[in-house]
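Student: Got a structure here, written out as structure tokens. Questions coming.
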Amino acid sequence: MGLASVSTASEGIQFCIFDLRRGQNEGQELDKILFFFPADLPFSTQLSVIGLSEGLITFTRIFSPEAACEVIEAERHSHVFYEAEADIWMVMVVEKSKEAEVIWRIEDLRKVLKEVHSLFVMFYGPVRAMLEKEPNGGLIRSHFCPFIMDYLSAYQKRSPWDNCCWDFLVGKKLQLPSFRDCLKERGNVQMLTVGREAAIEVQSLARILESCVGNTQCYSIILFQDLLVSTTLSPDDTINLFSYAVQRLTPHALSSGASSWSYLRRASSSSHAGSGSTLAHSGSVSEQIYHSSDISPSGDNNHHVTRPLQHGKWSKGNDGFLVTDIWGVDVGSSMIASPTVWLQQTEERMYLCTYQYKGLTLILLMPVSSILNGEQGVSAVKQQVLENASLKILKVEEKLSKGWGGENAYHVSGYRYLLVDGDRNISRASPPGKVTTLTKESLLAMSKLREEVDLEKGRAKWDNAGLEKDLEVCIRAKNNAWVIARITRGKELYMVLEKANETLLYASDAFEKFSSRYCNGAFSLD
């Protein structure tokens, strides 16, 4: 399943967000807490965790003023840090276990924290801006709690062909990315490879879409199935919107409810059933805690909070546009309010209009400040899309469908791989169904190898600032599989060869063949 259950019964894991600029005076310490999971822990315990984290941050800044700690490894716990914004810290404290099933990469956990913050900012704007808008902290807490709990509690539906069903009465268990996710890369996009003719048609469609808004500067993203085809957004905004689209907007998301950020799974009859404590009331407890007057001195917590990560709230309308009631009703027109997001590139709020035809998903973003008459203006733009882009949409969908090889389009027989282009924030990997055929020993070996590569990359970053370092690691796993990593010029290739010959020469030759055929020789040693 790729996720490892972690018990919270004995403080197995804590996840907190706090502001170093708040709560510095005696008696006001609670003011610095913006979010804490599990929320039903005593405040003394919460302050203890945050106090220790604050101390570690302060201490490490003595030696590294510009970049404080990222991880602290203690005997029994791993402390994972991420400074989301200036003095806004997200910390995950994970209890170590000897069980192989809960082996995870620290960098994976940091990327979970980064994804939580990035998605939060996309919907609500910067955390610091919300704190400045309401200094008592009630506004930010009222948004953090439901948002993060929705992030954690989004569960993945089983296949319609699976006779088993979820037991909603057993409760929920917190789960983290595990070694089974070693051939995945969070914080990237996956792109569809298209031919020249199809690319020209896609570019033409993007221009038509943006012209439907008139002279106003707008942006678009085009996806086919769960793959990115085109974007006019900045890299960071593209990653955020792509992540949300794949989980909530694409045809697969609408039909199956798939969610890769589902860390709080409904308990099933798996072998993990007894390894985590039930958290069925975590959401309600969190809301009670963070709406209490103990943390918000003013007691004014009556905020309307949109919950964009709620599951099953999107559907396809008769006109092809996706609709949702998450954003409530527009007061002026009594129409369902259009979704909005906040772009880092422009630092402004944008209307989010999503159109879908078969496997094609089109996302158009328009500045809220530039659309006259609010919802009526959005409806007018949608009508322009239907009138001006329909024929082009049909043509593009047809071309992409003809060139689409299905969910196993990027499978390479005999190889299980992950290709990462860090400069372009793009990754490609063996299909998940193919990765599941690997043995546990192979996955563990790759996970450990990636952990070592992460450490080496971290050292190189500080030792040779601005300089890239080539790296190659080749390991023979316990089951005699070859596990290989090669990094060069901002690109990374990870590979598992379970059916390779016993010699390293054979494995290296197989790696070279893959690089030459599928990576334009980027990883070849010649």
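Student: What are the aspartates and glutamates whose alpha-carbon lies under 15 Å from the alpha-carbon of Lys499, with same-chain residues fewer than 8 places away excluded?
Tutor: Output for Lys499: Glu441, Asp509.
Student: With contacts defined as alpha carbon pairs under 8 Å and 6 or more residues apart, what's the relative contact order of region 9-119 in percent?
Tutor: 27
Student: Please list, in order, the residues from region 180-222 whose amide nitrogen is less than 18 Å from a point placed 7 Å along the Cα→Cβ vector of Leu372.
Tutor: Zone members listed by number: 211-218.
Student: Rounded, prolate or oblate: pick one for region 9-101, where a ≥ b ≥ c are the square roots of the eigenvalues of its C-alpha gyration tensor, a/c under 1.5 means rounded, and failing that, prolate if a/b is larger than b/c, else oblate.
Tutor: oblate
Student: Label region 305-414 by shape, choosing from rounded, prolate and oblate, from the square roots a ≥ b ≥ c of the eigenvalues of the Cα gyration tensor; if a/c is under 1.5 it is rounded, and otherwise prolate applies when a/b is larger than b/c, oblate when it is not. It would help to have the intermediate numbers written out before the result.
Tutor: Values: a/c = 2.09, a/b = 1.65, b/c = 1.26.
Since a/c reaches 1.5 and a/b is larger than b/c, the shape of region 305-414 is classed as prolate.
Student: For region 360-413, max minus min Cα coordinate along each principal axis, in Å, sorted largest first?
Tutor: 55, 22, 12
Student: Follow-up question, since we're still on this one. Please compute the length gained on full extension between Asp454 and Ala86, using 0.36 nm multiplied by the number of residues separating them and subtracting their Cα-Cα distance.
Tutor: 130.0 nm
Student: Find out how many positive minus negative residues lie around Arg476, taking Lys and Arg as positive, Asp and Glu as negative, among other residues whose Cβ is under 13 Å from that of Arg476.
Tutor: -1
Student: On a full-extension model of 0.36 nm per residue, what is the gain between Phe59 and Glu512, subtracting their alpha-carbon distance, rounded to one decimal in nm?
Tutor: 158.5 nm
Student: I want to check the label-to-label distance for Lys478 and Ser413. Put each point 7 Å from Cα in the C-beta direction and report it in nm to one decimal.
Tutor: Placing both labels 7 Å beyond Cα along the Cβ direction yields 3.2 nm.
Student: Continuing with the same structure: Please compare each pair in Lys96/Lys434; Lys316/Lys402; Lys358/Lys491; Lys111/Lys448; Lys469/Lys513 to a cut-off of 26 Å on the Cα-Cα distance and tell me which ones are over it.
Tutor: Those over the limit are Lys96/Lys434; Lys358/Lys491.
Student: Then there's this: For the charge dipole of region 366-492, defined by +1 on Lys and Arg C-beta atoms and -1 on Asp and Glu C-beta atoms about the Cα centroid, which residue among Ser442, Gln376, Gly422 has the Cα displaced farthest towards the positive pole?
Tutor: Ser442
Student: Could you work out the relative contact order of region 298-367, using alpha carbon pairs under 8 angstrom and six or more residues apart, expressed as a whole percent? Don't skip to the answer; put the middle values down first.
Tutor: Working: 91 pairs, mean separation 14.4, N = 70.
It rounds to 21 percent for region 298-367.
Student: Okay, next question. Name the residue farthest towards the positive end of the dipole of region 175-247 from the options Gln247, Gln203, Cys182, assuming +1 on Cβ of Lys and Arg, -1 on Cβ of Asp and Glu, about the Cα centre.
Tutor: Checking the options against the dipole of region 175-247, the answer is Cys182.
Student: Report the full-extension gain for the segment Leu505 to Asn318: residue separation times 0.36 nm, less the Cα-Cα distance, to one decimal in nm.
Tutor: Once the chain is fully extended between Leu505 and Asn318, it gains 61.5 nm.
Student: Run the numbers on region 390-519 and let me know its relative contact order in percent, using alpha-carbon pairs under 8 Å that are six or more apart.
Tutor: Reported relative contact order: 23 percent.
Student: Shifting gears a bit: Please go through region 469-526 and write out the GluC sites (Glu not before Pro) that DSSP classes as loop and that have at most 15 other C-beta atoms within 10 Å. All intermediate terms of the calculation are to be shown ahead of the outcome.
Tutor: On the way: sites: Glu472, Glu492, Glu498, Glu502, Glu512; in loops: Glu498, Glu502.
Of the GluC sites (Glu not before Pro), the ones in loops of region 469-526 whose Cβ has at most 15 other Cβ atoms within 10 Å are Glu502.
Student: I need the shape label for region 413-526. Rule: rounded when a/c is under 1.5, else prolate if a/b > b/c, else oblate, with a, b, c from the alpha carbon gyration tensor.
Tutor: Here region 413-526 falls in the prolate category.
Student: Loop only by DSSP, 15 or fewer other Cβ within 10 Å of the Cβ. Give me the trypsin sites (Lys or Arg not before Pro) in region 12-85 that pass, ordered by residue number.
Tutor: When the trypsin sites (Lys or Arg not before Pro) of region 12-85 are filtered for loop state and at most 15 Cβ neighbours within 10 Å, Arg21, Arg76 remain.
Any read-out appearing in this document is the output of simple, stated calculations on the displayed coordinates, not a laboratory observation. Small disclaimer: the values here were computed from a predicted structure and weren't measured. With ideal geometry, Cβ positions are generated from the backbone for all residues, glycine too; neighbour counts draw on all protein chains shown.
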